[in-house]
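Colleague: Can you read through this structure? Questions will come right after.
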Amino acid sequence: MSFTFPAMVAYDSSGNKPVKQVSFQVYAVTDTAFTTPLAITDTFGAALPGNILNSGTQGVFPQFKQATNSTVVITDASRVYAWTVNCVQQDTATAAFINDSTTATAAALNATYARFTQLARNPDLIISGAITRDTNGAATSAPVVWPDGTVGTYTADTLSTAFPGSVDGYHITYGSPATHTYTQPTITRDSTGAASNIPQIVVS
């Protein structure tokens, strides 16, 4: 995994001018004493000599990459200037975070999916608006609003024939247009109409 940082002007806000032809190095934000410069590369992965960023004749840093830090501090040898810079958010980096179970991103996403899956198990908790019902009273469709404010739609997929008015399967979308769908596969009922087997919600 590596992080890409954008080209940026080395701007001196106090002097109201760009800082030209000065060499800088990159540090982790936790390295407040600036003791260990981070290894940096160009956007093709080639190491920058001495891990130096030079602001050039126009006072502009080139794009660069850093392997382990998504936010860094760029400072000169005399510590006159220091800028905290965030990486450019990229799909590949985000995907890597999601696929790595040890990251905070993965943990947060898993927690969100778990919470939303529980809500999908109980559609009444997120239905917001008029409910359409069939002649037997089964809820066939309704608008929903998720806890983060995202809208979606509840739709019945399978209506019980043995117990009219009951819904045996449904799906709920997240987003409009949908970015995720929470589907309750068809459940099994016993002779009294009580659910005897409820498959897990499927997220797609």
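Colleague: Being closer than 16 Å to residue 71 by Cα and of a type in the set (Gly, Ala, Ser) is the filter; apply it to segment 1-32 and report the residue that is least open to solvent (accessible area, probe 1.4 Å).
Modeller: Only one residue fits best here, namely 28.
Colleague: Those residues that are open to solvent by less than 60 Å² (accessible area, probe 1.4 Å), assigned to a strand (DSSP E or B) and either modelled with pLDDT under 90 or among the acidic types (Asp, Glu) (or both), I need them from segment 81-98; list them, please.
Modeller: Within segment 81-98, 88 is the sole residue that qualifies.
Colleague: Would segment 167-177 turn up any residue that is in contact (Cβ under 8 Å) with a residue 60 or more places away in the chain, within 21 Å of residue 131 (Cα to Cα) and not in a loop (DSSP other than H, G, I, E, B)?
Modeller: no
Colleague: Moving to a separate point now. I'm checking my understanding of the structure. Among residues of segment 1-44 that are without any contact (Cβ under 8 Å) to a residue 24 or more places away in the chain and not polar (S, T, N, Q), which one is farthest from residue 83 (Cα to Cα)?
Modeller: Only one residue fits best here, namely 44.
Colleague: Okay, next question. Does residue 30 satisfy being among the β-branched types (Val, Ile, Thr), within 30 Å of residue 104 (Cβ to Cβ) and not in a strand (DSSP E or B)?
Modeller: It is true that residue 30 is among the β-branched types (Val, Ile, Thr), within 30 Å of residue 104 (Cβ to Cβ) and not in a strand (DSSP E or B).
Colleague: Another question, if that's okay. Out of the residues in segment 161-178 that are out of contact with any Leu (no Cβ under 9 Å at 6 or more places or on another chain) and either of a type in the set (Lys, Arg) or over 16 Å from residue 116 (Cα atoms) (or both), state the one that is surrounded by the fewest Cβ atoms within 10 Å (Cβ to Cβ).
Modeller: Among residues in segment 161-178 that are out of contact with any Leu (no Cβ under 9 Å at 6 or more places or on another chain) and either of a type in the set (Lys, Arg) or over 16 Å from residue 116 (Cα atoms) (or both), the one surrounded by the fewest Cβ atoms within 10 Å (Cβ to Cβ) is 177.
Colleague: Among (1) open to solvent by 60 Å² or more (accessible area, probe 1.4 Å); (2) assigned to a strand (DSSP E or B); (3) of a type in the set (Ser, Thr, Tyr), where does residue 158 come up short?
Modeller: Tallying (1) open to solvent by 60 Å² or more (accessible area, probe 1.4 Å); (2) assigned to a strand (DSSP E or B); (3) of a type in the set (Ser, Thr, Tyr), residue 158 fails exactly one: (1).
Colleague: I'd like to check something: does segment 143-151 contain any residue that is surrounded by fewer than 14 Cβ atoms within 10 Å (Cβ to Cβ), out of contact with any helix residue (DSSP H, G or I) (no Cβ under 9 Å at 6 or more places or on another chain) and among the β-branched types (Val, Ile, Thr)?
Modeller: yes
Colleague: Of all residues being at pLDDT 90 or above and under 30 Å from residue 150 (Cα atoms) in segment 179-194, which is most open to solvent (accessible area, probe 1.4 Å)? Just the residue, please.
Modeller: It comes out as 186.
Colleague: Does segment 71-80 include one or more residues that are assigned to a loop (DSSP other than H, G, I, E, B), modelled with pLDDT of 90 or more and hydroxyl-bearing (Ser, Thr, Tyr)?
Modeller: Checked against the condition, which is being assigned to a loop (DSSP other than H, G, I, E, B), modelled with pLDDT of 90 or more and hydroxyl-bearing (Ser, Thr, Tyr), segment 71-80 yields at least one hit.
Colleague: Say we look at segment 119-142 and pick out the residues that are assigned to a loop (DSSP other than H, G, I, E, B), open to solvent by 50 Å² or more (accessible area, probe 1.4 Å) and of a type in the set (A, V, I, L, M); which of these is farthest from residue 197 (Cα to Cα)?
Modeller: Top of the filtered list is 130.
Colleague: Enumerate the pairs (first residue in segment 111-140 and farther than 17 Å from residue 155 by Cβ and without any contact (Cβ under 8 Å) to a residue 60 or more places away in the chain; second residue anywhere and open to solvent by 70 Å² or more (accessible area, probe 1.4 Å) and among the basic types (Lys, Arg)) with beta-carbon separation below 7 Å, excluding pairs fewer than 6 apart on the same chain, so at least 6 apart or on different chains.
Modeller: Pairs found: none.
Colleague: Moving on. In segment 153-176, is there at least one residue being at pLDDT below 90 and under 23 Å from residue 198 (Cβ atoms)?
Modeller: No; the residues of segment 153-176 include none that is at pLDDT below 90 and under 23 Å from residue 198 (Cβ atoms).
Colleague: Filter segment 35-80 down to residues that are open to solvent by 80 Å² or more (accessible area, probe 1.4 Å), within 26 Å of the chain's Cα centre (by Cα) and polar (S, T, N, Q), then give me how many there are.
Modeller: Final tally of qualifying residues: 2.
The values are calculated or read from the model by the stated rules, or taken from the named source; none is laboratory data. Predicted model, so just to flag it, every value in this text is computed and none were measured. We place every Cβ from the backbone using ideal geometry, glycine too, and count neighbours over all the protein chains shown. Note: areas computed on protein heavy atoms with side chains; ligands, DNA, RNA excluded. Shrake-Rupley method; radii C 1.70, N 1.55, O 1.52, S 1.80 Å.
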